[in-house]
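Peer 1: Below is a structure I'd like to ask you about.
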Amino acid sequence: MHNYFGYCFIDREAASFPSCAGLHVETISVDGRKSRSSKFLTPPLSTGGIIAVVIASAAIVILFTIIGTGFLWGAGYEPVDRKSLKKMLEIAEPLEGRQVYDLGSGYGRIVVEAGRHGAAVTGFEMDPLKVWWSRRAIQRKGLAGRATIVRENLLAADLSRADVVFVFLWPGIMEKLKAKVLQEMKPGSLVVSYYHMFKNWKADFQDDKLEVYAYRIPARTPA
Ligand SMILES: C[S@@+](CC[C@H](N)C(=O)[O-])C[C@H]1O[C@@H](n2cnc3c(N)ncnc32)[C@H](O)[C@@H]1O
């Protein structure tokens, strides 16, 4: 085999020479005559290569399913940090018997913890896989009478009965949610956010280290 000025001269089946990839190929017979020519071969994939491609594709699909789909509706998936969640629950106490919502409830970490603290808790989540998983978690933890997951867009949820709303969302959807909580939630009720703040609304509680921010819904001024 010779590789010369972009041409690859070989005397056997061209496809068996991965180093000819992208080159013009001249196939030469034993008596020296050019018997065939073709262009721009790509290297054949070995069995190992095919397996690697299949595994990589499956990993991308699984990763996208677990983490990625939420961004289609307003926020990608990431669980709230454990220390920050402890602080969020502490700020919202007492939770016993109160109506608590987690908007964008993911795999149910906040829902389960709020349920353990005695709250009547509802998680709103769009992703069917996360809905299924968190409903199973609720069953497993024995919280079925107290915790529920609704498959619904959080922007369509009725927040009028909520005492506490937990959120861990992205800035764009937080902006839409700000108007909604101010319009729908009862005066005196609480929004506790992890990581992102509401723009142009001073938090009533703020822990910059744990990135926890709490907002009390103000009394409505008569029109
Ligand atoms: C950052 S995760 C927070 C998960 C959970 N609250 C926690 O802290 O562990 C945001 C979640 O919101 C969900 N989500 C995003 N936009 C949504 C929407 N418009 N309606 C319902 N769920 C949404 C995503 O699927 C994702 O599971």
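Peer 1: Would you mention how many residues in the range 49-81 are within 10 Å of the ligand (Cβ to nearest atom) and either under 17 Å from residue 212 (Cα atoms) or more than 18 Å from the chain's Cα centre (by Cα) (or both)?
Peer 2: 4
Peer 1: So is residue 163 farther than 21 Å from residue 126 by Cβ and either surrounded by fewer than 21 Cβ atoms within 10 Å (Cβ to Cβ) or over 25 Å from the mean Cα position of the chain (by Cα) (or both) or not?
Peer 2: Answer is yes for this residue.
Peer 1: Given the conditions (1) over 24 Å from residue 206 (Cα atoms); (2) of a type in the set (A, V, I, L, M); (3) away from the ligand (no atom under 16 Å from the Cβ), report the number of the one that residue 182 does not fulfil.
Peer 2: Among (1) over 24 Å from residue 206 (Cα atoms); (2) of a type in the set (A, V, I, L, M); (3) away from the ligand (no atom under 16 Å from the Cβ), the lone unmet condition for residue 182 is (1).
Peer 1: Okay, moving on. When you check residue 173 against the structure, is it aliphatic (A, V, I, L, M), within 17 Å of residue 212 (Cα to Cα) and near the ligand (Cβ under 10 Å from one of its atoms), yes or no?
Peer 2: Here the answer is no, as residue 173 does not meet what is asked.
Peer 1: Name every residue in the range 91-117 that is among the acidic types (Asp, Glu) and closer than 20 Å to residue 203 by Cβ, in order of residue number.
Peer 2: Correct list: 93, 102.
Peer 1: Exactly one of (1) assigned to a helix (DSSP H, G or I); (2) in contact (Cβ under 8 Å) with a residue 40 or more places away in the chain; (3) surrounded by fewer than 18 Cβ atoms within 10 Å (Cβ to Cβ) is unmet by residue 48. Its number?
Peer 2: The number of the failed condition is (2).
Peer 1: Could you tell me which of the residues 121, 111 is under 30 Å from residue 220 (Cα atoms), in contact with a helix residue (DSSP H, G or I) (Cβ under 8 Å, 6 or more places away or on another chain), in contact (Cβ under 8 Å) with a residue 12 or more places away in the chain and in a helix (DSSP H, G or I)?
Peer 2: Unique residue meeting the criteria: 111.
Peer 1: So, one more: Residue 143: in the same structural domain as residue 211 (by TED's automatic domain parsing) and in a helix (DSSP H, G or I), yes or no?
Peer 2: It is false that residue 143 is in the same structural domain as residue 211 (by TED's automatic domain parsing) and in a helix (DSSP H, G or I).
Peer 1: Name every residue in the range 186-197 that is surrounded by fewer than 20 Cβ atoms within 10 Å (Cβ to Cβ), within 20 Å of residue 80 (Cβ to Cβ) and not aliphatic (A, V, I, L, M), in order of residue number.
Peer 2: 195, 196 - these are the residues of the range 186-197 that are surrounded by fewer than 20 Cβ atoms within 10 Å (Cβ to Cβ), within 20 Å of residue 80 (Cβ to Cβ) and not aliphatic (A, V, I, L, M).
Peer 1: Please enumerate the residues belonging to the range 139-160 that are of a type in the set (A, V, I, L, M), more than 14 Å from the ligand (Cβ to nearest atom) and crowded, with 16+ Cβ neighbours inside 10 Å.
Peer 2: Across the range 139-160, the qualifying residue is only 143.
Peer 1: Here's another thing I want to ask about it. Quick check: is even one residue across the range 108-117 in contact with a Ser or Thr (Cβ under 7 Å, 6 or more places away or on another chain) and either on the phi > 0 side of the Ramachandran plot or of a type in the set (A, V, I, L, M) (or both)?
Peer 2: Yes, that holds for at least one residue.
The values are calculated or read from the model by the stated rules, or taken from the named source; none is laboratory data. What you are looking at is a predicted structure, and each value in this text was computed from that prediction instead of being measured. Note that each Cβ is placed from the backbone with ideal geometry, even for glycine, and that neighbours are counted across all protein chains shown.
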